[in-house]
Amino acid sequence: MTELERKRESLKRRYGRAVPAPRGHMGPGPGGPGRRRPAMAKGTPKNSRETVRRLLHYLNEDKAKMSLAFFCVIVNTVASLAGSYMLRPIINRYIVPVDGSRGDAAGLAKALLMLTLVYLAGVAANYAQAKVMLTVAQNALQKIRDDLFTRMQALPIRFYDTNNNGDLMSRFTNDVDTVGQMLSNTLVQLFSGALSILGTLGLMLYTNVYLTIVTVVMVPLMMKAGGAVARRSQKYFTAQQTSLGAVNGYVEETITGQKVVKVFCHEQTAKEEFDILNRDLRDNQIKAQFFGGIMGPIMGNLSQINYSLTACVGGVLCVWKNFDVGGLTVFLNFSRHFSRPINEISMQVSNVFSALAGAERVFAVMDQAPEKEDDEDAAVLDPMKGHVVLDHVNFGYNPDKVILKDISLYAKPGQKIAFVGSTGAGKTTITNLLNRFYDIQSGSISIDGVDIRHINRENLRKNIAMVLQDTHLFTGTVRENIRYGRLDATDEEVVQAARTASAHSFIMRLPKGYDTMLEGDGANLSQGQRQLLNIARAAVSKAPILILDEATSSVDTRTEMHIEHGMDRLMSERTTFVIAHRLSTVRNANAIMVLEDGQIIERGDHDELLGTKGRYYELYTGLKELD
C-alpha cells in the first residue's frame, strides 16, 4: 500500500466511518471530553424494509392527505390513459373513417374539445397531488427533525465526545433532504408508474393481443437490466452519503480550528487531507451518479427498440389482418406509456437508495441509547447545600482501563477544593462525574448525604454551575447569554452577576451594552471577554456547587486579579472545585488535591503541601514543570 493510500484509509477511518460506538468503547480519554472518535460506519443499508417501515410511520398522521394525493394520482393516470385511447375513435371516425367516407371537421372539433377537457382534468389532479404531497413530505420532515433533535438532547455526553460534529450536521441537512425528496416525489411517482403500467397493459390487451405480447416480451429484459444497475448503484449511493458526511466533518473541524491551522502552518497539509476526502467523495459520487444516470438511457434505448418492433409488427397487422390505423396509433402511444413508467421507476431507484442510505444514518442517531432514566423515587434536593463526598471512586471511560483509582475526598459548603497535576491525571474527569456525565464503576459520590445516582438528574445539574476552559456563547444579546445560566434571572441580577465576574465595565463599552447582539460564538469579543461572560453566566445561576475548569486561563494577569476578587465573593457560600495550571490561583484553597495517574498522591492546603516538599512543592517552585 502506498503512502497516499495509507493516508486515505486513515482519513476515511477518522471521518468516514461513523459507527455507533459499542458499549465499553474508548471514551474521551484521560484528559476528558474533546477527543473526537469516528462515529458512524459506511456500508449498504442493513435493513431496507425496516427503514421503509419507519419512514412510512411518519406519514401516519397525514393519511387523509395521502389518500387525497393518491386519488389525484389515479385521476391523473385515468385521464392520461383515457386521453390516449380517445385518439382511436377520433382517427377512425373523424380523420380516416374506416368506412372510407370523408372526414368530419365538426365532429373532430367536438372530440378534440372533449380530449382537452380530459387532459385538463389530469393536469388539475397532477397539480393538486403535487401540492398535497409537498405538504405531507414537509410535515414528515418536520417530525423527523424534531425526533432527531429531541433524541440528541437526550443523548449522553459520551455520544458527543465520540462523534464528529460535521457528520452529525450532515445528517440534519443532506440526509434529511434526500429523505424529503423521496417522500415528496418518489413515492408518488412509484405509485403513479405502477398504476400506469397496469392501466396501460389492460388497454393494450383490449386493443390488440398480438402487439401486447410483442411489447411485454421486452419487459423481462428491461427489468433485468434495471435490476443489475440498481444493485450496483445501491452500494455507491450509500458510500456517497457517508463520504459527504466525512467531508462535512473535516470542513467543520478545520474551520473551527482555523487559528491552530494557521499558527502551525498546517494549511498545505489541511488542503492535501481535504483533497483526499474530496476525491473520495468525487469518486463515490461519480460511481453513484453514473449508475443512477445510465438507468435512464439503458431503459430508454430498450424502450425505443420495443417501440420500433411494435411499429413493424403493427404495420404488418394493418396490411394482413385489417388492423385499423387508429388502433395502431393508439397502441404505439400505449407502448410509450408502458415503457415510460418503467423508465421512471428505474430512474427513481437511485433516489430511493440515496434516501434509504440517508434515512438509515438518521435512524442510527435516533437509535442511540439516551441517558439512563432517573429512578422513580429519585430525590430532589431543594435546597441543595453542597456537601460533596467522593468515597473510594474508581472509573474508566473504558471499563478495561481505569482512569481514576480509589479517589476519596469531601468538600463542605463554602469550601474551595483545587485539583492540580499533570495533563491526563484525571482532574477534568472528576468534575464530569460530579455532573453524572458518566457513571462510576465502583465507589460512591454523594451530595448532602444522597448518592448522586439517586438524585434527579435535572435537579443535580441545575445546582452545579460550570465554567470551562472552552467558551461557548449563543447567538443573542449579552443579557440573554448571561441569563442562560438561569432563565428567570432579573435584569438587576444579570448586571450583578456581570459585576461579580468583572465583566460589567467592558459590557458597558459595547455599542448597545447588555443589548449588544453576539453572533458566531461571540466573534466580536476577545477570548478573555467571552470567558468573563461565561463566568457571569455561572454567577447568575446561584448554584450551590461551582466548577471552574481553567476558568481564568484566557484572561490577562490584571483581569485575572479582578476576577479573583469577584470569584472570592462568588465562592464564599458555594462548594467550589477548581482545576488550574496556574498554581497562584489555588493558594487560598481550603484543600489542594495533587493527582498523578488517576490517584491523589498529596492533599492539604498550600502551606502544608509546600512543607512536605513533594510533588506540589516541585510544581510550585518550578523545580519540575507541570506537564
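With a Förster radius of 51 Å applied to the beta-carbon distance between Y410 and F290, the computed FRET efficiency rounds to 0.15. 3J(HN,Hα) along the range 318-326, derived from phi through the Karplus expression 6.51 cos²θ - 1.76 cosθ + 1.60 where θ = phi - 60°, amounts to 5, 7, 9, 10, 6, 6, 6, 5, x Hz, with x in place of Gly and Pro.
Pairs spanning more than 32 Å between alpha-carbon atoms, out of K385/K512; K385/K405; K235/K271; K412/K613; K385/K613; K372/K427: K385/K512; K385/K613. In the context of the full protein assembly, Y58 retains an accessible surface of approximately 20 Å², using a probe radius of 1.4 Å and ignoring ligands and nucleic acids. Using only the Cα atoms of the chain, build the gyration tensor, take square roots of its eigenvalues as a ≥ b ≥ c, and label the shape rounded, prolate or oblate: rounded if a/c is under 1.5, else prolate if a/b is larger than b/c, else oblate. Prolate shape, in that a/c is at least 1.5 and a/b is the bigger ratio.
Since only L434, N590, I286 are under comparison, the one whose Cα sits farthest along the positive direction of the charge dipole of the chain, derived from C-beta charges on Lys, Arg, Asp and Glu, is I286. Ellipticity at 222 nm from helices only: DSSP H runs of n ≥ 4 in the chain, each -39500 (n - 2.57), divided by the residue count, give -19500 deg cm²/dmol.
Between K462 and R509, the FRET efficiency from the beta-carbon distance, with R0 = 25 Å, is close to 0.20.
Solvent exposure of E493, expressed as accessible area, is near 50 Å², computed with a probe of 1.4 Å over the protein chains only.
Surface composition of the range 246-323: carbon plus sulfur atoms hold 63% of the accessible area, using a 1.4 angstrom probe and ignoring ligands, DNA and RNA.
Extension gain for D400-Q153 works out to 86.1 nm (0.36 nm per residue, less the C-alpha to C-alpha distance).
With a cut-off of 10 Å between beta carbons, the residues surrounding S303 carry a summed charge of +2, where Lys and Arg count +1 and Asp and Glu -1. Accessible surface area normalised per residue over the chain is 50 Å², counting heavy atoms of protein chains with a 1.4 Å rolling probe.
Sparsely packed loop sites in the range 339-434 (the GluC sites (Glu not before Pro) outside DSSP H, G, I, E and B with at most 13 other Cβ atoms within 10 Å) comprise E373, E376.
With a 1.4 Å probe rolled over the protein heavy atoms of all chains, the accessible area of S233, S80 falls in the order S80, S233, largest first.
Only protein heavy atoms count here; on that basis, with a 1.4 Å probe, D62 has an accessible area of about 20 Å².
Overall shape: prolate for the range 253-371, with the ratio a/c of the largest to smallest alpha carbon gyration tensor axis at 1.5 or above and a/b above b/c. For the chain, leaving out every one of the trypsin sites (Lys or Arg not before Pro) that falls in a DSSP loop and has at most 15 other Cβ atoms within 10 Å, the longest unbroken run is 103-320. Full extension of the segment from Q268 to L112, taken as 0.36 nm per residue of separation minus the current Cα-Cα distance, would add 49.3 nm. Compared with the dominant principal axis of the Cα atoms in the chain, helix 48-57 is inclined by about 80°. Annotation: extensible slack from V325 through V380 equals 11.2 nm (criterion: 0.36 nm per residue apart, minus Cα-Cα distance).
The values are calculated or read from the model by the stated rules, or taken from the named source; none is laboratory data. From a predicted model like this one, the values you see are computed outputs, not experimental measurements. Neighbour counts are summed over all protein chains in view; Cβ atoms, including those assigned to glycine, are modelled from backbone coordinates with ideal geometry. Side chains are part of the model used for accessible areas, which takes the heavy atoms of the whole protein and leaves out ligands, DNA and RNA. Shrake-Rupley method; radii C 1.70, N 1.55, O 1.52, S 1.80 Å.
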